Structure formats: C-alpha cells, structure tokens
Amino acid sequence: MPTIRFMCYAQYFLVGILNVVIPTIMPVLISDFGLDLATASMIFPAKSVGALFVGLLSGLWLDATGYKLLSVLGGCLSGLGLFLVAGSGTWGLFLLGFMIVGIAQAVLSTAINTLTADVAAKSRAKGLNFLHGTYSVGALVGPLWLALISSWRLSITIMATIWCGFGVWAVLQTYPQRQKQNLSKAWVNLGIIRDPAMVFCLLVAFCYNGIAGSMLGWVNTYIQQTGKVLVTISLGAVPIFYLGLSTGRFACGLLSSRFEPSRIIQVCALGGLLGYILVLYGPSSVFMVLGLLVSGLSLAGLYPTALAYMNGIESLPKGTATALMQVAMGLGAMVPPTWTGIIASTFGLRIGIAVNLLLFIPLFVVARAWMPEGQAIAV
C-alpha cells in the first residue's frame, strides 16, 4: 500500500515541523506574552495533559474500529487547534489551542505508528525508524520554515490549513483490514501494562522523550543565557539536534536487523549521555554544538527500537500497546520539561536541565534486563 505509507510519512514529516515550533520560538513567546520561566513551562503540560487520556482511548478505539476515523479526526483537530493558537491574544488561549493540538497529535500518532508497523510487518524496525527519520527531517527543516516566514502566527496558520487538508485526504484512503474488537471488551487490553516487556518499552519511551523534550524545550534559552554562542547561532541548536536525530534514525533503520534491541538501547543511551554532558558542561560553543549533534545521533534509535520490539510481540493488541507507548511519550514530554522550568526558576537553568541526567539510569537498566538469553523477537 504505497499510498498509505506515503500518507503516513507525509503526516509525520509535518508532525516533525510542528514539534519544533515551540522550542524554536520559546524566547519570542516569553517576550511577547511577558512570561517567566515557570509560566512558560506550562506549555509542556498543556500539550500533553489532554493527550494522555485521549491517546489511550485512541488505541482502544483503533482496536475496535480501525484506522480511518482516527486518521481523519487527528488531521482535522490538528488544524482546529493550530488556528486557535495562531489567533490567540492571551497566554491562556494559546495554551488551550495547544492542548487541542496535543490531543489531535496523540490520536494521529497512534494511528500512524500502528499503520506503519502493519504495512511493514516484515521489517518493522526499518519501517518505523524510517518513519521517525522522516519526522526528524521535518523537525530539521522546521526552524528554516519559521525563518522564511517572519511571523510565527502566519507560519502556524499555514500549517493549520495543511492539517485540515490531511484530514480530507485521509477520508479518501483505503486502509488495511484489521481484526476488530467490541469497544466495551477492548478495555481488557489495558492489562498488558503488567507485561514486563511492555513495562520496559514504556520506560524507554518515557525516558527518551523526557531527555529529548527537556533539551529541545530549553536549549535555545539555555545557550543564550550562557553567552557562549551568539543569539543568531543559538537559533540553529534545534536543527543541529535534529540533523543528528534524522541521520541516526535512518542509520538505525539500516542496521537494526544486525543487532539485538538491548544492544541498540545500550549504545544509544551511552552516546546520549555523553552528548547531554557536552551540552551542559562543554567549555566552548564547539563542545555544545558537538553535544547537540551527538545527542540527536545517539538518542535516535531508542523509541523506534522499543516500538518495533513491542509490535513484534504477537500477544499484544497493537492499537492499545501503541497508545500506551504514546501515553508514556506524552508523560515524558510533559513532566521532565515542566520540572526543568520549575527547578530552573529557583536554581538556574543549568541545574534544571542537569536533573534530567537521572533519566539515563532506567535506559541502562532496560538494556541489561530487556531480553533473556536465548530469546529474541524479530523486529
């Protein structure tokens, strides 16, 4: 189904652009709305809080009804929320619009990731790494998009229009057939959260997005505060990270069949830790830029590898399992960046960001305990 796969990649490319808008313009938002760091950090829970519950429901809904409704709903709601963000005159309305966007993106991400794993069943890790690599390319060009259009409100309005177009396009597609469940019985699927392999995957998802989200959400502001890099150069921090992330994901997609998932997680976590330390404690701008690149390159394989591993477990209901992964990602995007801002308002931004080094510990635990010797699941 090449058309379906192209639609998934095109949508995830735009998701990548959208997800770097806030980190890129965070200093501008702080200035435009007159925010302190703690108030500005509320953007992270605003995007994630509604997405957590609705994202979970979307997985149950997918197992019960299939792909089409979620794809259409995700596209149209994304457009509606972005129109509200673009027209907001107060911080409260901005947060409301972004909450709608977060809900829509959670619904859409569940559909896109499950659909990609479905149409690439013979090479899930490759398909999912390439999907998330496409997301990373979108995130890489996102700041360039903002630079070409001087007004952030105009750029978001254009994206809102495109998302509404995606919603219409999704109506016209023919989707793979799935074995459907009664929605009232689908709630039983939530019991998979007790499965140890599922717990490990959820830990990887939370820690990955907590580490990446905290860095991306605050790196521009942090670099500008250090004074080691010119403000104009600091605006390239997010693209540098995503250059590493996109390169790492395509590389991981090509190499995933050669290594066990536990080894991939271990190497990615070690490289990510090194890059994070370079960003925080590098003695010059060269080390900070190198740290951003190494972080993106190393963290790239964490989530797609966990997602492919999860989709390879035949006993798991894929819609619900993918939705739980999205919930873990949502918590990672909400909790660590928020506590980063709160801690930073009292102790400084470096300490606020450094607290997230603790999130690497569970990744090493998972890498060691993930796969019992002699057992493997094809990804």
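The values are calculated or read from the model by the stated rules, or taken from the named source; none is laboratory data. Quick caveat, the model's predicted, so the values are computed rather than measured. Positions of Cβ are generated from backbone atoms using ideal geometry, with glycine treated the same way; all protein chains shown enter the neighbour counts.
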From Leu69, Leu73, residue being closer than 23 Å to Met334 by Cβ and either under 20 Å from the mean Cα position of the chain (by Cα) or surrounded by fewer than 19 Cβ atoms within 10 Å (Cβ to Cβ) (or both): Leu73
Residue match in segment 298-309 (condition: in contact with a His (Cβ under 6 Å, 6 or more places away or on another chain) and at pLDDT 85 or above): yes
Output for segment 76-104, where each listed residue is over 12 Å from Trp163 (Cβ atoms), surrounded by 18 or more Cβ atoms within 10 Å (Cβ to Cβ) and not hydrophobic (A, V, I, L, M, F, W, C): Ser88, Gly97, Gly102
Boolean, Thr24 is out of contact with any Ser or Thr (no Cβ under 9 Å at 6 or more places or on another chain), under 21 Å from Trp163 (Cβ atoms) and either touching a residue at least 40 places away in the same chain (Cβ under 8 Å) or acidic (Asp, Glu) (or both): yes
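Residue-wise test of (1) at pLDDT 90 or above; (2) not in a helix (DSSP H, G or I).
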| site | (1), (2) |
| --- | --- |
| Gly59 | no, no |
| Ala64 | no, no |
| Gly75 | yes, no |
| Gly79 | yes, no |
| Val85 | yes, no |
| Gly89 | no, yes |
| Leu93 | yes, no |
| Ile103 | no, no |
Filtered residues of segment 360-379 (kept if closer than 19 Å to Met198 by Cβ and at pLDDT 95 or above): none
Selected residue (criterion: surrounded by the most Cβ atoms within 10 Å (Cβ to Cβ)) from residues of segment 137-152 that are of a type in the set (Gly, Ala, Ser) and closer than 11 Å to Ile17 by Cβ: Ala139
Yes/no for Thr114 being of a type in the set (Val, Ile, Thr), modelled with pLDDT under 90 and assigned to a helix (DSSP H, G or I): yes
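Yes/no per residue for (1) aliphatic (A, V, I, L, M); (2) in contact with a Pro (Cβ under 8 Å, 6 or more places away or on another chain); (3) modelled with pLDDT of 85 or more; (4) not in a helix (DSSP H, G or I):
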position	(1), (2), (3), (4)
Ser136	no, no, no, no
Ala147	yes, no, no, no
Ser155	no, no, yes, no
Thr174	no, no, no, yes
Gln177	no, no, no, yes
Trp187	no, no, no, no
Leu190	yes, no, no, no
Ala197	yes, no, no, no
Gly217	no, yes, no, no
